[in-house]
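The values are calculated or read from the model by the stated rules, or taken from the named source; none is laboratory data. Because the structure is a prediction, the values reported are computed rather than measured. Methodologically, a virtual Cβ is constructed for each residue, glycine included, from the backbone with ideal geometry; neighbour enumeration extends over all protein chains shown.
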Amino acid sequence: MKSCAHSKLQLSLDRWEECHWYLHQMETNYHEPEPFRYSCNSFLRAVKEVPQALRNDLQRHSDVKGKIEILLETVSMNDLFRTLGKRRDFVVHHGALNLSSHGRIGTMEGTKIKMVLPFRVHPWERSDEAYERYKAMCRENEILRGLGPDCDSVPALWRTWMVPQFPNRDLLDVAFEAWVLLGGLLSSAVEAFGGEKLDLSMPCRHDSARVQLKLYSQLEFFQSVHGIDLKEEERKWREQRGKT
Ligand SMILES: [Zn+2]
């Protein structure tokens with residue numbers, strides 16, 4: 001019964017699966033501007049194709065089409081969808097991302113934030129490049145260096161991708177909402193064919209707060225900023241302790 005319902009919605013379910021895959025690509029490439037933008041745009045293209053794919057799937061099933069039509073309209077009229085669908089090149093431009101995306105730098109002790117400062121992570125630079133810039137600033141600036149990691153904490157960098165159309169919302173969350181919205185629509189279609197509800201929880205999704213965060217090596221920071229080899233220091237300390 002289930003596979004039967006699904007086989008009638010092959011085009012639209014396949015597009016929706018594709019959206020799911022692109023969402024993971026957005027997560028994986030979050031700290032690399034170009035790959036992130038490309039995966040984001042691929043996601044958006046696939047998202048916009050789902051309603052049309054569903055219309056195609058339902059072409060020869062006018063009974064189900066009748067039941068789903070209102071829902072299809074509702075999704076198309078939804079604010080999120082209207083914004084995403086407005087232009088073909090919704091986030092292709094750097095410009096939209098430049099305005100609202102921002103970054104922070106700081107330190108983490110285990111899973112806790114120990115220190116955090118606003119730090120401009122340019123939308124065109126990789127997080128690793130921004131981090132190199134931060135280390136260069138630390139070498140020059142004693143106060144900033146003092147705020148950096150100590151023996152118990154590691155360097156951390158946060159960045160977010162936002163567009164003015166969705167103020168203060170990470171694009172990953174916006175993308176997930178769009179995926180859920182379409183999933184609800186497809187789920188209704190599956191049910192109308194006698195199948196079971198679709199699972200819209202996406203347990204394989206990563207928490208966007210964790211995706212925004214990139215941790216760096218404490219050892220490398222001490223070596224390249226303070227000129228201190230922590231391993232060597234620890235070895236000396238143990239040797240000293242062994243003597244007394
Ligand atoms: Zn997944």
Scanning the stretch 19-31 for residues that are surrounded by fewer than 18 Cβ atoms within 10 Å (Cβ to Cβ), touching a helix residue (DSSP H, G or I) at 6+ places or on another chain (Cβ under 6 Å) and part of a helix (DSSP H, G or I) gives 25
For residue 220, state whether it is without any contact (Cβ under 8 Å) to a residue 24 or more places away in the chain, farther than 29 Å from residue 26 by Cα and in the same structural domain as residue 106 (by TED's automatic domain parsing). no
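Looking at 85, 66, which one is at pLDDT below 90 and either closer than 17 Å to residue 192 by Cα or touching a Lys or Arg at 6+ places or on another chain (Cβ under 9 Å) (or both)?
Selected residue: 85, the only one of 85, 66 that is at pLDDT below 90 and either closer than 17 Å to residue 192 by Cα or touching a Lys or Arg at 6+ places or on another chain (Cβ under 9 Å) (or both).
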May I ask you to say which residue of 191, 233 is away from the ligand (no atom under 16 Å from the Cβ), surrounded by 14 or more Cβ atoms within 10 Å (Cβ to Cβ) and of a type in the set (Asp, Glu)? 191
Which residue, of 209, 175, is at pLDDT below 95, under 13 Å from the mean Cα position of the chain (by Cα) and within 16 Å of the ligand (Cβ to nearest atom)? 175
